[in-house]
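Note sheet for the following structure.
Laboratory data are not the source of any read-out in this text; all were calculated from the coordinates shown. Keep in mind the model is a prediction, meaning the values are calculated, not measured. Because the Cβ atoms are built from the backbone with ideal geometry, glycine has one as well, and the counts that use them run over all protein chains shown.
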Amino acid sequence: MIRLKRSLTIGLWFMFLALPLMVVRVNTLNHEIEWRWSNMIWVGVCAFAVAWMRQFALARRSARPAPAVNPAQRRSLMQRLADDAPLSRRLLIAISVLAIVFPWAVSTGQNFYHVNVMVSALIFVVLGLGLNITVGLAGLLDLGYIAFFAVGAYTYALLSKNFDLGFWTCLPLGGVIGMLFGVVLGFPILRLRGDYLAIVTLGFGSITKIVLENWDTLFGGAAGIAGIPRPELFGLVLDGREKAVYSYYIVLALVALTVFVTSRLKNSRIGRAWMALREDEIASVAMGVDMARTKLSAYALGAFWAGLVGVVFAAHNNFINPDSFTFMDSAMILAMVVLGGMGSIVGVIIAALTLKLLPEYLRAFADYRMLIFGALMVLMMIFRPQGLISDMRRKYEYGRRRRDGDGEER
Amino acid sequence: MTAAAKLLEVSGLTMDFGGLRAVDDASLTICAGEIVALIGPNGAGKTTFFNCVTGIYAPTAGDIVMHPPGAAPSRINGMKPNRITALGMARTFQNIRLFPAMTVLENVMIGRHCRTRTSIVDAIVSSRRALREERETVDKSYRLLQRVGLADVADEFSRNLPYGAQRRLEIARALATDPFLLLLDEPAAGMNPQETRELDELIVRIRAEDRLAIPLIEHDMKLVMNISDRIYVMEYGKEIAQGTPREIKENPRVIEAYLGEETHA
């Protein structure tokens, strides 16, 4: 009975919440207001059904005896995968083969839409992985990350336009200049933490966009810069499809490089220092970790990837303007890191692909995109605040002989 | 232990927080191989004293001089904590400060940070130095875990450890920095008598094995009287007494500080 009552309340509540969205529609042509009451009934019925099912599931779960396994010892799927080296290696090979074949499989002579979509998704994968270093590993919240991406994109656009530099020269330059900006931003905020850090980085992101928009003579203002050359391949002439596929492989290589570098760093002295700083600043400093140097390196490396992939972005799109570098994009990248699981490389990749590809293929629901996105975030934070993939613990090989020899000590 | 070399010399240390003088003209000397206890009622300024010595706070006045064995002495006032740790002074915290989302072994490995040199480039290309240091770090950390009896939970998250084990892990992590001075801030706080006894043995064993000098803050008088060579007593930021455990036990000022002033009935 109580379940029925609760579900009913939830149904009514949702009917009330959905009132302005689903029921009232203003017809601006006839200056009328339409009242679609039938929608309201549907909302009520659906909310009631979902609530009832949830109550039912909860009741069943509490009725079931608690699992005998100690939750501390329960291993996640990812943990099991990580412990099984041959399996994870095979999986990695399968994924790489799939990624390499992908552009040829989904594109035909004229239609390479899917390849282009994938290129922009992979660009965000690199961005997510870069921000993962700053936010996920080192725990430094950055709400203006897209600014470094803009730095990279404009570096290439301006250098190619004014100095005729090629893509491959600009690629590392974009990364290095992004990194310089990372250090420049990093210095003043070394002492800040939490909310204050968030506000300063937010400000930095906004400043970058405003400067780009208003400095017409240098950055082309709101109109942006057009006619940015595509990446060149030994002077070969490529058609549209081949250009897209070429861009795809460039970003794919960047993704692979980012994954490689991040995972190497993560499991090294440097990565551990980042994590220690994230966990407890005072303790890590007292244990001999140089805070300034460690924080700056995290900022610089995060910004480096953004700058690098910014160059690819500019080259792939032929055109950039400040609208590609809004706060929404920063928030999106941050959402990828949080949804994927702070510090988890696989998690961030999955989250980035999901967040970029889903809206692209669900164009039919474009109106509800932000609604679904918001709901997803809320649900995620309630049911899985640690992100898609987490709880990974790295095991180290400590001299087996010693371990065996002292097995009986305790 | 007579004529032993001085390792740490603190003189006239004063620390103000705004108008509040938390530590007032405190002095302390620690010689090689000594266990020196710093005791006093709550709020006497003991932890502030430790924080000044380890560089968490920059003291208002006074001198703190470290004498690393076989190296020139250096004045460490206001030096950054990580530099002081690199010089050879490690510490634990009164309210445990581990890295909860890292494994027990990784916690100890952080202690090796200042004794290893692997750079970002080394780590990325997995250079020979990086591999060698990594192996040494793991082995050394694991051995330290064995010494404090935590080897079988090396791959567990440190937040999952019971309280007493967390305290021991903090000691192992501090030892990983190769210190010659180990500052323990209330190592027995919150421990039951059994755990306290084990800790007592652990501290004495560490001193014997590593020839460390151990300054410690502690409220457990039994532990203090058992293991300390000398005791300093603080009250309201001032040092009111020092001496051997026996002297301290009989010192009327100390008794007064602990039991409150005598009100003649």
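Restricting attention to the stretch B:77-99, the residues that are within 26 Å of B:ALA188 (Cα to Cα), without any contact (Cβ under 8 Å) to a residue 40 or more places away in the chain and part of a loop (DSSP other than H, G, I, E, B) add up to 1.
Here B:ARG135 fulfils each of the conditions (1) within 10 Å of another protein chain (Cβ to nearest Cβ); (2) crowded, with 16+ Cβ neighbours inside 10 Å apart from (2).
Scanning the stretch B:66-76 for residues that are surrounded by 16 or more Cβ atoms within 10 Å (Cβ to Cβ) and in a strand (DSSP E or B) yields a count of 1.
Considering only residues that are of a type in the set (D, E, K, R) and in contact (Cβ under 8 Å) with a residue 40 or more places away in the chain, which ones fall in the stretch B:210-243? B:ARG211, B:GLU218, B:ASP229, B:ARG230, B:GLU235, B:LYS238, B:GLU239 - these are the residues of the stretch B:210-243 that are of a type in the set (D, E, K, R) and in contact (Cβ under 8 Å) with a residue 40 or more places away in the chain. Taking the numbered list (1) without any contact (Cβ under 8 Å) to a residue 12 or more places away in the chain; (2) within 14 Å of chain B (Cβ to nearest Cβ); (3) not aromatic (Phe, Trp, Tyr) in turn, A:THR294 passes all entries but (1). How about the stretch B:143-156: which of its residues are under 21 Å from the mean Cα position of the chain (by Cα), facing chain A (nearest Cβ under 7 Å) and not in a loop (DSSP other than H, G, I, E, B)? Once the filter is applied, which keeps residues that are under 21 Å from the mean Cα position of the chain (by Cα), facing chain A (nearest Cβ under 7 Å) and not in a loop (DSSP other than H, G, I, E, B), the stretch B:143-156 yields only B:GLN146. Of the residues making up the stretch B:83-107, those that are farther than 22 Å from B:ARG211 by Cα and either away from chain A (no Cβ under 13 Å) or crowded, with 18+ Cβ neighbours inside 10 Å (or both) are B:ILE96, B:ARG97, B:LEU98, B:PHE99, B:ALA101, B:MET102, B:THR103, B:VAL104, B:LEU105, B:GLU106, B:ASN107.
Can you find a residue that is more than 12 Å from every other protein chain (Cβ to nearest Cβ), more than 30 Å from B:MET109 (Cα to Cα) and under 18 Å from the mean Cα position of the chain (by Cα) anywhere in the stretch A:224-232? Among the residues of the stretch A:224-232, not one is more than 12 Å from every other protein chain (Cβ to nearest Cβ), more than 30 Å from B:MET109 (Cα to Cα) and under 18 Å from the mean Cα position of the chain (by Cα), which makes the answer no. Checking each residue of the stretch B:158-169 against the condition of being within 16 Å of the chain's Cα centre (by Cα) and among the hydrophobic types (A, V, I, L, M, F, W, C) gives at least one match.
Taken together, the residues in the stretch B:157-170 that are closer than 17 Å to A:GLU279 by Cβ and either in a loop (DSSP other than H, G, I, E, B) or more than 8 Å from every other protein chain (Cβ to nearest Cβ) (or both) amount to 6.
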